[in-house]
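The values are calculated or read from the model by the stated rules, or taken from the named source; none is laboratory data. Just so we're clear, the structure is a prediction, and the values are computed from it rather than from any experiment. Note that each Cβ is placed from the backbone with ideal geometry, even for glycine, and that neighbours are counted across all protein chains shown. Note: accessible area is taken over every heavy atom of the protein model, side chains too, but ligands, DNA and RNA are not part of it. Shrake-Rupley method; radii C 1.70, N 1.55, O 1.52, S 1.80 Å.
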Amino acid sequence: MEIESILCPSCGTAVESTSHIFLKCNIVKELFHKITSWWDANYMELSSYEDWIEWLLNLRLSPKHKSMLEGISYTMWWTIWNFRNMNIFGSKLQSKASLFEEIVSRSFYWCKFRCEVLSQRDMA
Ligand SMILES: [Zn+2]
């Protein structure tokens, strides 16, 4: 009988759980750290979704910038989830090194799209 691995497919060092994949995994910590330095925001270790909300609320940034960081966080989680699935079901392994760049480019695309929607709404 084959037993499937219950280790996190992203780092392979911890048992996979939702809080591990999205918050506690070293890959997520590293990415979140890069995002906070990119935005010159305070880094905080996250162990729950509530921690993330607290982090977001306490940022010394304008509401506009906070909502951008909110979107970037969702982009990070989406990218991590995608990375995990690619490692499990994909035919080739995706490089961890490209994850941050992916988040940056997806965030720009998301922001551009969002800003276009907002400006269209303003004109209507
Ligand atoms: Zn992990």
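For the reader, a short list of remarks on this structure follows.
- Which listed residue, of T13, T36, T79, is within 16 Å of the ligand (Cβ to nearest atom), closer than 27 Å to R114 by Cβ and of a type in the set (S, T, Y): T79
- Here S47 fits the description: hydroxyl-bearing (S, T, Y) and either open to solvent by 40 Å² or more (accessible area, probe 1.4 Å) or touching a residue at least 24 places away in the same chain (Cβ under 8 Å) (or both).
- Boolean, K34 is open to solvent by 30 Å² or more (accessible area, probe 1.4 Å), of a type in the set (D, E, K, R) and without any contact (Cβ under 8 Å) to a residue 60 or more places away in the chain: no
- The residue that is nearest to N87 (Cα to Cα), among those in segment 24-33 that are within 11 Å of the chain's Cα centre (by Cα) and within 10 Å of the ligand (Cβ to nearest atom), is I27.
- Condition met for W39 (at pLDDT 95 or above and either open to solvent by less than 80 Å² (accessible area, probe 1.4 Å) or in contact with a Gly (Cβ under 8 Å, 6 or more places away or on another chain) (or both)): no
- For the criterion of being open to solvent by less than 30 Å² (accessible area, probe 1.4 Å), at pLDDT 95 or above and not charged (D, E, K, R), S107 fails.
Results for (1) surrounded by 11 or more Cβ atoms within 10 Å (Cβ to Cβ); (2) modelled with pLDDT of 90 or more; (3) in a helix (DSSP H, G or I), shown as yes or no for each residue.
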{"position": "I53", "(1), (2), (3)": "yes, yes, yes"}
{"position": "M76", "(1), (2), (3)": "yes, yes, yes"}
{"position": "K92", "(1), (2), (3)": "no, no, no"}
{"position": "R114", "(1), (2), (3)": "yes, no, yes"}
{"position": "S119", "(1), (2), (3)": "no, no, yes"}
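- Qualifying residues in segment 1-10 (those that are part of a loop (DSSP other than H, G, I, E, B) and within 14 Å of the ligand (Cβ to nearest atom)) - the one farthest from the chain's Cα centre (by Cα): S5
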